Structure formats: C-alpha cells, structure tokens
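Just so it is clear, none of the values below were taken in a lab; they were calculated from the coordinates. Note that the structure is predicted; figures quoted are calculated from it, not measured. Note that each Cβ is placed from the backbone with ideal geometry, even for glycine, and that neighbours are counted across all protein chains shown.
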Amino acid sequence: MKIKKIYSLKYIFYLLIIILIIKLIYNYFFSFPFPIYNFPLITKTQYEELIKGKEPVLFKNVLKQNIEWNDFCNKLENKELSVRHGDYGSTEGRKERYFKKEKLKNVCQNINNSSGYGGNNVISLDEQKKIQLQSSNPSINMFQKAKMWIGPSNSRTPLHKDTPDNLAIQLYGRKKWIFYNKNSNKHLCFDENNSTLEWSNYSINNFFTCPSALLARRYEKIMEPGDMLYLPSQWGHDVENVTNSIMINLWY
C-alpha cells in the first residue's frame, strides 16, 4: 500500500512538471497576442478608443526623437529623486526597502555601481519639454504630468496591480513586462484581491510562493526605446530593467 502511494505521488509530480513545461512553452510562443500599432500612422480617434479598451495595446515609434542617456541626465541633473534601495525584486525584499533623497546627476553617475532605483518620481511637463520629449504623431499629444522610473539593469518592481489604467513609455534602454489578465488575479495570491493598488505574494517563477499561479495566464513583452504600452486597470504586472533604463508612465 505504501509503495503504491509513493508511485502515485511520483506520477503526480511528473505530471505537474509536464504541465509546467507545456505552460512555459505556450507562454513563450504566445507571449503578446495583442494589437501592435505604428504610432505615427494612427488617428487621434483610434488612439482614444484603444486606450479605453479591455486588453493591452503596444504602440511603436511614439517618440519624435530618441532620448540619449547623457543628454537626459545633464538637462535634469539637479532634479531631486526619491531612490529605493534594497532587494526590491522579491516580496520579502520589498517589505525591507528603504529610500534616500539623491540628485539625478548622482543617480546617473553611479548607475553601474548601485542598486538604487529612482522609481515613481514626478516629472513635470516643463521637465519633459526640457528633454525635448515629443510625440511622433502631430495629432496626438499624450504627454502630461507623469511618473519617472530610472535605474540600472535588474532593477525591478515585483508583481502588483493598480487602480487606474496605465500608459508606459520607454524612453531609454529595455524593460521586461510580465503581466496577467485581471481575471487571473484570483490565482496570484493577492491578500484582498480588491480594486485598489495591491502587492502580490507571488515571486515570479517561484511557484512555492504561490502554487495557484500555475493556473494564471502569463503574458510578456520587452519594451524598446520609443515603445508605449497601454495596460488596463487591475492587470497584474511585474516589471524589470533588462538594461539601464528610463521610463515614464501616465496613470489615468
């Protein structure tokens, strides 16, 4: 009887491994099954409809000109940022993080020798004009008071969900977004699973922290400079810098 039980557990374990492998392969090949638009070619009416939709949309080539690292850092060098320090990539590390006030100039100079992440800092319209941030589509001006995120490669904001809709614009470098339909929130170990900002207890790819995450449909996209992602309200997302990165986002 005991031997049969051991064999049964072994078969269940192998079955779970096979399911996980199939899921990973499926997610890899169908990681972003959503519309992609060349921003200069869409109309204002199209744009306004798309950013009210129920599913993500990726817009390519949204910037009139590329943003260069040194130019950005020099023009805003005296801007004061709140910079996160600590192991922010895990659920436990997030709880132990601490913040320091630093000038943007120092953040830029130490970008390759620090784990500091200047996330969730306001960037005004005047500052956006100062760095010559312009839309590539003359009929669409999406810029307004926004939040700025600047940090080294591997900087990360772990899995969470927001109340408002989100437009994220990649200015410099590359950033990986992992995200989930809000219908999957029930599988992602949110304590309350309500309609507000909330952090998940699931550390991405560590299913021991949230076994039910195996049931969630995962999507993934690496954002390139000039990309803009529309993410609807309450879609869970985990965001990590692939390289040194500058991003701004607009919640609405």
Ser233 long-range amide H proximity, modeled H, under 5 Å: Asp165, Asn166
Where in the range 210-243 is the amide nitrogen less than 20 Å from a point lying 7 Å along the Cα-to-Cβ axis of Tyr11? none
Scalar couplings 3J(HN,Hα) for the range 142-149 by Karplus 6.51 cos²θ - 1.76 cosθ + 1.60 (θ = phi - 60°), nearest whole Hz, x for Gly and Pro, are 8, 7, 7, 3, 9, 10, 10, 9
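What does the extension gain come out to for Ser139 and Asn154, with contour length at 0.36 nm per residue minus their alpha carbon separation? Numbers along the way, then the final one.
Details: separation 15, 0.36 × 15 = 5.40 nm, distance 3.58 nm.
Extending this stretch completely gives an extra 1.8 nm.
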Positive-end residue of Ser203, Ile17, Gly119, charge dipole of the chain with Cβ unit charges: Ile17
GluC sites (Glu not before Pro), loop per DSSP, at most 15 other Cβ atoms within 10 Å - longest free stretch of the chain: 97-191
With springs only between Cα atoms under 10 Å, which of Lys60, Lys147, Lys44 fluctuates most in a Gaussian network model of the chain? Lys44
For the chain, the dipole about the Cα centre with charges only on Cβ (Lys and Arg +1, Asp and Glu -1), to the nearest 20 debye, works out at 660 debye
In nm, to one decimal, how far is the modelled label at Glu77 from the one at Gln46, with both set 7 Å along Cα→Cβ? 4.2 nm
Please pull out the direction-averaged projected area of the range 121-252, using the convex hull of its alpha-carbon atoms, in nm² to one decimal place. 8.1 nm²
Give the lysines whose C-alpha is closer than 26 Å to that of Lys95, dropping any in the same chain fewer than 8 places away, or say none. Lys103, Lys147, Lys161, Lys175, Lys176, Lys182, Lys186
Along the charge dipole of the chain, which of Ser212, Leu76, Pro138 sits closest to the positive end, that is, farthest toward it, with unit charges on the beta carbon of Lys, Arg, Asp and Glu (+1, +1, -1, -1)? Ser212
First check a/c for the range 29-115, with a ≥ b ≥ c the square roots of the eigenvalues of its C-alpha gyration tensor; if it is under 1.5, answer rounded, and if not, answer prolate when a/b is larger than b/c or oblate otherwise. oblate
For a Förster distance of 25 Å, can you work out the FRET efficiency between the beta-carbons of Lys54 and Asp191, rounded to the nearest 0.05? 0.50
Identify which of the listed values of Rg/Rh (Cα atoms, Kirkwood Rh) was calculated from the structure shown: [x] 1.03; [y] 1.22; [z] 0.96. [x]
What length, rounded to one decimal in nm, is gained on full extension from Ile21 through to Lys147, with 0.36 nm per residue of separation minus their alpha-carbon distance? 41.6 nm
Per DSSP helix of 4 or more residues, -39500 (n - 2.57); summed, then divided by the residues of the chain. What does that give at 222 nm, rounded to the nearest 500? -7000 deg cm²/dmol
Angle between the Cα long axis of helix 2-29 and the longest principal axis of the chain, 0 to 90 degrees, nearest 10? 20 degrees
